[in-house]
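Student: Attaching a single structure in structure tokens format; questions to follow.
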Amino acid sequence: MEKPLEGKVGVVTGVANHRSIAFGIAKAWHEAGAKLIFSYQGERLKDSVIKLVRQHFGEDTAVCELDVASDESIENFCGFVATQTDRVDMLLHAIAFAPKAAGTLEGHFTDIPREAFSLSLEISAYSLIALARGISPLMTAGGSITALTYHASRQVVPNYNLMAVSKAALESCTRYLAYDLGRREAPIRVNCISAGPVQTLAARGVSGFTSMFKVYEEKAPLQRSCTLEELGAMATYLASDGGACVTGQCLYADGGYSIMAM
Ligand code: NAD
């Protein structure tokens, strides 16, 4: 079988467990022939993420801590990647966080405090800029950066509140990075996948999340959201030659839900 990412090297952020979207995409990239380098966030996830990725992607899989709230940690992680490979072809950004505070993931939007707003935008959107800056020098043969977003960035989904604003910023960062990095001698493409609801750790933080699946079943043209395998296939397309002229885009993987007005 043809392996569209044979010989390519990918950096994967955002694996927390086997339900993570990053894990689904990493599986697809691995099956497509890529060698992968992973991050984990902090001591709490260290052992379980290292165990999970070594079990699925090989005992010698490189894994390093990354807390995108810290410039030092980002620098350290990018330095680690440079010790593992002299070339990177793909970067996956699958990181988002909004602190629990008034109005952030439920309640009144008007209640969102300044510190929570800053922290969410920093971790969920600024981190894409910081990681692109750190990893892009290794993309010497060009590359593909993919981030994960959600439709609440464009239309109101009750309770998404602060995360919706962070995703709007992330999507805008994607377009500006696409312009900036696409003009390099070895062009780097930057895209978002806008996934429909997936049952993950992060998603559980959004009030009323589980009832969203029912809405997708009732209203989406395909009567469902998306699977990890489908998100993996889409990210593989974006990273492969098939996506060679696609950049700055936000591609929906949501069973068509976003086209509906009623
Ligand atoms: P997840 O909980 O499995 O992954 C979120 C990841 O973000 C975790 O691995 C966590 O460690 C990481 N993270 C949070 N703060 C961090 C920090 N300071 N430094 C480094 N890493 C940090 O959940 P997921 O749903 O797989 O989320 C992945 C991406 O997909 C997120 O951007 C999320 O917003 C997006 N997304 C999710 C859904 C969904 O329904 N689950 C839908 C659309 C988009």
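Read-outs: derived from the displayed coordinates by stated rules, not from any lab. Small disclaimer: the values here were computed from a predicted structure and weren't measured. Every residue, glycine as well, gets a Cβ built from its backbone with ideal geometry; the counts of neighbours run over all protein chains shown.
Student: Convert each backbone phi in the stretch 133-145 into a coupling constant with the Karplus relation 6.51 cos²θ - 1.76 cosθ + 1.60 (shift: θ = phi - 60°), then list the ³J(HN,Hα) values in order as whole Hz, x for Gly and Pro.
Tutor: Each residue of the stretch 133-145 in turn: 5, x, 8, 4, x, 8, 8, 6, 9, x, x, 9, 10 Hz.
Student: For the chain, find the longest principal axis of its Cα atoms and tell me its angle to the long axis of helix 161-182, 0 to 90°, nearest 10.
Tutor: Tilt relative to the chain: about 30 degrees.
Student: Please list, in chain and number order, the residues 5+ apart from R19 or on another chain whose amide H is under 5 Å from its amide H, with Hs placed from the backbone.
Tutor: Amide H to amide H, under 5 Å and 5 or more residues apart or across chains, R19 pairs with nothing.
Student: Relative to the first principal axis of the alpha-carbon coordinates of the chain, what is the inclination of helix 71-84, with its axis defined by its Cα atoms, in degrees from 0 to 90 and to the nearest 10?
Tutor: In the chain, helix 71-84 runs at an angle near 40 degrees to the longest axis.
Student: How big is the Kirkwood radius of the chain, worked out from every pair of different alpha carbons and given in Å to one decimal? Before the final figure, lay out each step's value.
Tutor: Values: mean 1/r = 0.0541 Å⁻¹.
For the chain, inverting the mean 1/r across all distinct Cα pairs yields 18.5 Å.
Student: Let me ask you something else. Measure off 7 Å from each Cα along the Cα-to-Cβ vector at Q84 and E229, then give the distance between these two points in nanometres to one decimal.
Tutor: Going from the Q84 label point to the E229 one covers 2.7 nm.
Student: Further question: What 222 nm value per residue comes from the helices of the chain, counting each DSSP H run with n ≥ 4 as -39,500 (n - 2.57) and dividing by all residues, nearest 500 deg cm²/dmol? Don't jump to the answer; show the numbers that get you there.
Tutor: Details: 8 runs with 101 residues, N = 262.
That calculation yields -12000 deg cm²/dmol at 222 nm.
Student: Using +1 on the beta carbon of Lys and Arg, -1 on that of Asp and Glu, and nothing else charged, what's the dipole of the chain about the Cα centre, debye to 20? Write out the running numbers ahead of the final one.
Tutor: Numbers: 23 positive and 27 negative charges, 85 e Å.
Computed charge dipole of the chain: roughly 400 debye.
Student: Please work out, to two decimal places, the log10 of the ratio I(q)/I(0) at q = 0.15, 0.16, 0.18, 0.24 Å⁻¹ from a Debye calculation in which every Cα of the stretch 148-254 carries one identical scatterer.
Tutor: Each listed q corresponds, in turn, to -0.69, -0.77, -0.93, -1.35.
Student: So for E229, E31, fewest C-beta neighbours within 10 Å to most, what's the order?
Tutor: Numbers: E229 12, E31 15.
Placing the least packed residue first, the sequence is E229, E31.
Student: Right, another one. Please list, in chain and number order, the residues 5+ apart from Y40 or on another chain whose amide H is under 5 Å from its amide H, with Hs placed from the backbone.
Tutor: When sequence neighbours closer than 5 places are left aside, the close amide H contacts are C64, E65, L66.
Student: May I pose another question? Taking the alpha-carbon set of the stretch 1-108, what are its Rg and Dmax in Å?
Tutor: 15.0, 52
Student: In a solvent-free Debye calculation with one equal scatterer on each Cα, what is log10 I(q)/I(0) for the stretch 67-164 at q = 0.14, 0.15, 0.21, 0.22 Å⁻¹, listed in the order of the q values?
Tutor: Results for the stretch 67-164 at q = 0.14, 0.15, 0.21, 0.22 Å⁻¹ read -0.60, -0.67, -1.01, -1.06.
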